[in-house]
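Below: the structure, in structure tokens.
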Amino acid sequence: MLTGKRILLVIGGGIAAYKALDLIRRLRERGASVRGVMTGAAAHFVTPLSVASLSGQGVHQELFSLTDEAEMGHIELSRDADLVVVAPATANLLAKMANGIADDLASTLLLATDKKALVAPAMNLRMWLHPATQRNVARLREDGVLFAGPNDGSMACGEYGPGRMSEPLEIVAAIETALQSETQIPLAGAARSRGPLSGRRVVITSGPTHEPIDPVRYIANRSSGRQGHSIADAARDAGADVVLISGPVAIPDPAGLAVVHVETAQQMLAAVEAAMPADIFISAAAVADWRIANAQTEKIKKTGSSLPTLTMAENPDILARIGKSSARPRLVIGFAAETEKVVAHAQEKLGRKGCDLIVANDVSPASGVMGGDENTVHLVTPAGVESWPKMSKAEVGRKLVERFGKMLEARL
Ligand code: C5P
């Protein structure tokens, strides 16, 4: 299954582009989301409307598109995926990838991405067997690009031989295999150590906690972990040594950092304390305020007339513990998810929990923040409130990490 996986699908200009439409369906049937990018030539073979309808998302075609850039910049588009798939990968696209040419949206995304690419070549057999293409393929394999096919078969041009694109289900299988291993392109050591947070240790909590009622039931909240995980991604990209302590979430673990999986608030506190000391602690998890004091070790049975009574006990406040501990990190960041009086509540928490900054956001159902892709945040510090416009959670993560880096520098 590919539940929750995000695929950026680059469709090249070849007759096999029609198979990309079926590929989108097959991926979505398995729970993946697919964002389509088409080269100029691809639009001669399949229509952007077909790609948009099947993927359920807008299609990206232009590098210099004002509307697309306003919604999601091309760099962000290139990173906001678990895997980049190129199908069909034409000889021209392979040549551009092998040589780092970025002269349209598709080739620019392929150069700017931090995720591996899986390519499904499709071309005439002479083009496939040409020494130039074979040179490019060898170089791409060396760079870690993954290949699905091509197969031998009859071609649209009437010839028979290698160059026929793999069938959609074969590509799906290759995608499933690729996603089981590391798909992040490792940064060269030098590039990574130059990041603004290089040498800094960042501990982040993310996601909800589950508090058991009995072995099969629990209480929880709607946090998806997307905002916390994207902060972890951004901190890693800034060169930090990151420990992400995650409650139960349906999204994949970020690559290139340590992830500790926990269920309850008490386990989360233990994991946070074990991960200390740190330079920055970011408490993005939606920790359950209460647990069930009388949780049962056996499943609670229905007993005719009487209803079970759940007694609550207060959970430890992880943020307050860390914010007020003797080994307090230099920077302690809290979150405040509120459904009303967002900023006022955050201001009160700032002092009570011993934080340097609270990221406050509105999580009322109408805001669509819980589980959604976007967030509108207010940065609350003793000096005042700074409200940011609505952005994707990935963008919020990057901007927050940039800010935390500056705050930490000012305290050194
Ligand atoms: O009090 P409230 O739950 O709104 O506070 C939110 C902030 O406190 C978040 O940063 C959250 O991660 C943290 N928190 C915590 N432990 C708790 C409750 C909240 O660390 N038990």
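The values are calculated or read from the model by the stated rules, or taken from the named source; none is laboratory data. Since this is a predicted model, take the numbers as computed values, not measurements. Note: ideal-geometry Cβ built from the backbone for every residue, glycine included; neighbour counts use all protein chains shown.
Quick test of your reading of the structure: Ala255 fulfils all but one of (1) within 16 Å of the ligand (Cβ to nearest atom); (2) small (Gly, Ala, Ser); (3) surrounded by fewer than 20 Cβ atoms within 10 Å (Cβ to Cβ). Name the failing condition by number.
Every listed condition holds for Ala255 apart from (1).
Looking for something surrounded by 16 or more Cβ atoms within 10 Å (Cβ to Cβ), basic (Lys, Arg) and within 16 Å of the ligand (Cβ to nearest atom) - is there at least one such residue anywhere in segment 286-298?
Yes: segment 286-298 contains one or more residues that are surrounded by 16 or more Cβ atoms within 10 Å (Cβ to Cβ), basic (Lys, Arg) and within 16 Å of the ligand (Cβ to nearest atom).
Grab the strands (runs of 3 or more DSSP E) fully contained in segment 1-110, keeping just those with 1 or more residues being of a type in the set (Gly, Ala, Ser) and touching a strand residue (DSSP E or B) at 6+ places or on another chain (Cβ under 9 Å).
Numbers: elements: 6-11, 33-38, 83-89.
Filter on segment 1-110 gives 33-38, 83-89.
Have a look at Glu263, Glu211 and point out the one that is over 24 Å from Asp114 (Cα atoms), of a type in the set (D, E, K, R), within 16 Å of the ligand (Cβ to nearest atom) and touching a helix residue (DSSP H, G or I) at 6+ places or on another chain (Cβ under 9 Å).
Numbers: Glu263 fails: touching a helix residue (DSSP H, G or I) at 6+ places or on another chain (Cβ under 9 Å).
On inspection, the qualifying residue turns out to be Glu211.
State which residue is farthest from the ligand (Cβ to nearest atom) when the search covers only segment 341-368 and only residues that are at pLDDT below 95 and within 18 Å of Gly225 (Cβ to Cβ).
Here the answer is Gly368.
So, in segment 140-169, how many residues would count as being exposed (fewer than 15 other Cβ atoms within 10 Å of the Cβ) and within 28 Å of the chain's Cα centre (by Cα)?
5
All but one of (1) more than 20 Å from Lys393 (Cβ to Cβ); (2) of a type in the set (A, V, I, L, M, F, W, C); (3) crowded, with 21+ Cβ neighbours inside 10 Å hold for Leu54; state the number of the condition that does not hold.
(3)
For segment 230-288, give me the residue count where each residue is out of contact with any Ser or Thr (no Cβ under 6 Å at 6 or more places or on another chain) and of a type in the set (Gly, Ala, Ser).
Residues that pass the stated criteria total 15.
Using the structure shown, decide if Arg352 is out of contact with any Lys or Arg (no Cβ under 9 Å at 6 or more places or on another chain) and touching a residue at least 12 places away in the same chain (Cβ under 8 Å). Explain how you work it out, then say what you get.
Working: out of contact with any Lys or Arg (no Cβ under 9 Å at 6 or more places or on another chain): yes; touching a residue at least 12 places away in the same chain (Cβ under 8 Å): yes.
Yes.
Could you check segment 325-340 and list, in sequence order, the residues that are without any contact (Cβ under 8 Å) to a residue 40 or more places away in the chain and within 12 Å of the ligand (Cβ to nearest atom)?
Passing the criteria: Glu338, Thr339.
Could you please let me know if Ser305 is at pLDDT below 95, assigned by TED's automatic domain parsing to the domain that holds Ala271 and within 16 Å of the ligand (Cβ to nearest atom)? Lay out the reasoning, then the answer.
Values: at pLDDT below 95: yes; assigned by TED's automatic domain parsing to the domain that holds Ala271: yes; within 16 Å of the ligand (Cβ to nearest atom): no.
So Ser305 fails the test.
What number of residues within segment 259-296 are without any contact (Cβ under 8 Å) to a residue 60 or more places away in the chain and of a type outside the set (Val, Ile, Thr)?
Start the filter on segment 259-296 by keeping residues that are without any contact (Cβ under 8 Å) to a residue 60 or more places away in the chain, which leaves 259-267, 269-271, 273-274, 289, 293-294.
Of the ones still in play, those that are also of a type outside the set (Val, Ile, Thr) are 261, 263, 265-267, 269-271, 273-274, 289, 293-294.
Result for segment 259-296: 13.
Among the strands (runs of 3 or more DSSP E) contained in segment 130-237, which hold 2 or more residues that are over 30 Å from Ala336 (Cα atoms)?
Working: elements: 151-154, 160-164, 201-206, 211-214, 217-219.
So the answer is 151-154, 160-164.
Taking Ala288, is it in a loop (DSSP other than H, G, I, E, B) and under 28 Å from the mean Cα position of the chain (by Cα)? It would help to see each step written out before you state the result.
On the way: in a loop (DSSP other than H, G, I, E, B): yes; under 28 Å from the mean Cα position of the chain (by Cα): yes.
When the stated conditions are applied, Ala288 passes them.
I'm checking my understanding of the structure. Among residues of segment 325-340 that are of a type outside the set (A, V, I, L, M, F, W, C) and either modelled with pLDDT of 95 or more or not assigned by TED's automatic domain parsing to the domain that holds Gly225 (or both), which one is farthest from Ala271 (Cα to Cα)? Give the steps one after another, and end with the answer.
Step one: of segment 325-340, the residues of a type outside the set (A, V, I, L, M, F, W, C) are 325-326, 328-330, 334, 338-340.
Add one more test, that the residue is either modelled with pLDDT of 95 or more or not assigned by TED's automatic domain parsing to the domain that holds Gly225 (or both), and what stays is 328-330, 334.
Numbers: Arg328: 16, Pro329: 15, Arg330: 19, Gly334: 17 Å.
Step by step, filter segment 325-340, then rank; the result is Arg330.
For segment 271-284, which residues satisfy the criterion of being surrounded by fewer than 19 Cβ atoms within 10 Å (Cβ to Cβ) and more than 13 Å from the ligand (Cβ to nearest atom)?
Selection gives Ala274, Met276, Pro277.
Give me the pairs: first residue in segment 158-174 and among the basic types (Lys, Arg), second residue part of a strand (DSSP E or B), beta-carbon distance under 6 Å, and six or more apart or on different chains, which are they?
Arg164/Asn151; Arg164/Gly153
Which one is farthest from the chain's Cα centre (by Cα) among residues in segment 233-252 that are within 28 Å of Lys406 (Cβ to Cβ) and within 14 Å of the ligand (Cβ to nearest atom)?
In this case the residue turns out to be Ile245.
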